[in-house]
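Comments concern the structure below.
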Amino acid sequence: MDERAFFNESQTTKPAQLNCPFCRTQESYDLRWILRKKKDRLPGGADERDRAKFAKAQSYMV
């Protein structure tokens, strides 16, 4: 089973302070992230290996 079957995906933006390595200026930019939230239940058709992966899975941002 694909890892994406364990998560609900949504897009979000978060501000980030970035520094220019050449002129040393600092600016705030809105960066787009993909938020992967773990589903409440395991999808149907999962075997033992998928159950173990789902138990260890956590929500994260990409």
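Looking only at the range 26-62, residues that are part of a helix (DSSP H, G or I) and in contact (Cβ under 8 Å) with a residue 40 or more places away in the chain come to 3 in all.
Residues that are more than 26 Å from K37 (Cα to Cα) and either loosely packed, with under 10 Cβ neighbours inside 10 Å or not aliphatic (A, V, I, L, M) (or both) within the range 2-24 comprise N19, C20, P21, F22, C23, R24, listed in sequence order.
Does L18 qualify as being in contact with a strand residue (DSSP E or B) (Cβ under 8 Å, 6 or more places away or on another chain), part of a strand (DSSP E or B) and without any contact (Cβ under 8 Å) to a residue 12 or more places away in the chain? Here the answer is yes, as L18 does meet what is asked.
All of the numbers you see were taken from the coordinates with simple rules; none came from a lab. None of these values were measured; they are calculated from a predicted model. Every residue, glycine as well, gets a Cβ built from its backbone with ideal geometry; the counts of neighbours run over all protein chains shown.
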